[in-house]
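What follows draws every value from the coordinates through simple rules; no lab data is involved. As the structure is a computational prediction, the values presented were derived from the model and not from experiment. Cβ: placed from backbone, ideal geometry, glycine included. Neighbour counts: every protein chain shown.
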Amino acid sequence: MSSEKNKPTVQTTGHAWDGDLQEFNNPLPSWWLWTFYATVIFAIIYWVLYPAWPVGDSFTKGMMNDITYTTADGKTKTTHWNTRSLFLKEMQVAREDQAKYLKDINALTFEQIRSSEEKSAFANSMAKVLFADNCAACHQAGGNGVVGRYPNLLDDAWLWGGSFNKIQETITNGRTGSMPGFKASLSAKQISDVAEYVLSLSGNEANAAAVKNGKAVFSGQGGCAACHGADATGQDFMGSANLTDKVWTIADVAGADTAAAKKDAIMNVVKNGKTREMPAWKNRLSTTEIKILTYYVHELGGGK
């Protein structure tokens, strides 16, 4: 009897079916109701302020201020507020800001660009896009190139010179590098000896007697010194490689697993020669774009 009295009273809606089937009244929490009312109010305000409801063949334009913007082709347009016109306005502002930066970059020297954190950041940011669109197909996205085909731009070995002016000249006018094949003018032994000599120049293991003979061929009948220099350090003005460092742009010596494979890689180049061409970009890119790319490439490889 006492347990019945202590039972909590459950609130009902007052409705009853079949005598004893009742509907409980479980109201929603207050915080939930107020949140719902707030979303309704927000929706009404949004519908008034922004384009929202279709009306016939048109729609409500909202109460936001009209947007005036200039298109890329110079036309000025005014329209009611909408996300598309807002985007076009932002694009206009971005173009104006970019034009200002480009004007500043064009007037600065490379050293002045480097000394300005703001200008340097802008140049690198824009150059990354230019590089990806125009250079990455050959030199790869990171600028590391492809051995035997396209030079690595990340090291400090520059075939045609690594100064700002030299890099700018390379991008503007392009380059053509050609090494003739010597299989018709040198014997197999002479080519083998020259390969031994070239290996020794960069500290690789080589046969001493062959190295001596190869040096004589290099400086004499082979005519290698005419391009690579008497000291084999290369010559920027003709794009001949430095053979005394450990940077290999054509013969994949670094990727060879054995001494014999390294020698074969060099002999193959000496026998058959190699021609590589970089196109000129002066007819495709503006002088300012070339200047920005020059700065970017120079900084990639720690230019000279």
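Shape index of region 119-235: Rg/Rh, with Rg the Cα radius of gyration and Rh the Kirkwood radius from the inverse mean 1/r over Cα pairs, equals 1.09.
Report the convex hull volume per residue for region 30-104, counting only C-alpha atoms, in Å³.
Working: hull volume 9.3 nm³, N = 75.
So the per-residue Cα hull volume is 124 Å³.
Between residue 286 and residue 76, how high is the FRET efficiency from 1/(1 + (r/R0)^6) when r is the Cβ-Cβ distance and R₀ = 22 Å? Nearest 0.05. The computed FRET efficiency comes out at 0.30. Protection proxy ranking of 24-32, 252-260, 227-235, by the mean of other Cβ atoms within 10 Å over each peptide's residues and highest first, is 227-235, 252-260, 24-32. Taking the chain as a Gaussian network of alpha-carbon nodes connected by springs under 10 Å, the highest mean-square fluctuation of the residues 87, 110, 122 belongs to 87. When only alpha carbons are used to place a centre, region 31-79 and region 216-250 end up 70 Å from one another. For the pair residue 183 and residue 104, a Förster radius of 45 Å applied to the C-beta separation gives a FRET efficiency near 0.25, rounded to the nearest 0.05.
The orientation-averaged projected area of the convex hull spanned by the Cα atoms of region 70-142 comes to 7.0 nm².
In nm, what is the difference between 0.36 nm times the number of residues separating residue 216 and residue 63 and their Cα-Cα distance?
Numbers: separation 153, 0.36 × 153 = 55.08 nm, distance 8.75 nm.
Once the chain is fully extended between residue 216 and residue 63, it gains 46.3 nm.
Please tell me the relative contact order of region 1-152 in percent, rounded to the nearest whole number, where contacts are Cα pairs under 8 Å and at least six residues apart. Reported as a whole number, the value is 8 percent.
Considering all C-alpha pairs of region 227-304, those separated by over 13 Å amount to 77%.
Taking the helices alone, the chain has a mean residue ellipticity at 222 nm of -15000 deg cm²/dmol, built from -39,500 (n - 2.57) per DSSP H run of at least 4 residues and averaged over all its residues. Please label the shape of region 260-304 as rounded, prolate or oblate, based on the square roots a ≥ b ≥ c of the eigenvalues of the alpha-carbon gyration tensor (a/c under 1.5 means rounded; beyond that, a/b larger than b/c means prolate, else oblate). Since a/c reaches 1.5 but b/c is at least a/b, the shape of region 260-304 is classed as oblate.
Taking a cut-off of 29 Å, what percent of all Cα-Cα pairs in region 19-173 are separated by more than that? Before the final figure, lay out the partial values.
Working: 6666 of 11935 pairs.
Tail fraction, whole percent: 56.
Cα gyration tensor of the chain, axes a ≥ b ≥ c as square roots of the eigenvalues: rounded (a/c below 1.5), prolate (a/b > b/c) or oblate? Walk me through the intermediate numbers first.
Values: a/c = 4.54, a/b = 2.28, b/c = 1.99.
Because a/c hits 1.5 or more and a/b exceeds b/c, the chain counts as prolate.
GNM remark for the chain: springs join alpha carbons under 10 Å apart, and the peak mean-square fluctuation among 88, 21, 130 falls on 21. Applying 0.36 nm per residue to the separation of residue 236 and residue 117 and subtracting their alpha-carbon distance, the gain on full extension is 39.7 nm. Taking the chain as a Gaussian network of alpha-carbon nodes connected by springs under 10 Å, the highest mean-square fluctuation of the residues 242, 124, 204 belongs to 204. Put simply, the convex hull of the Cα atoms in region 168-304 casts, on average, a shadow of 9.1 nm².
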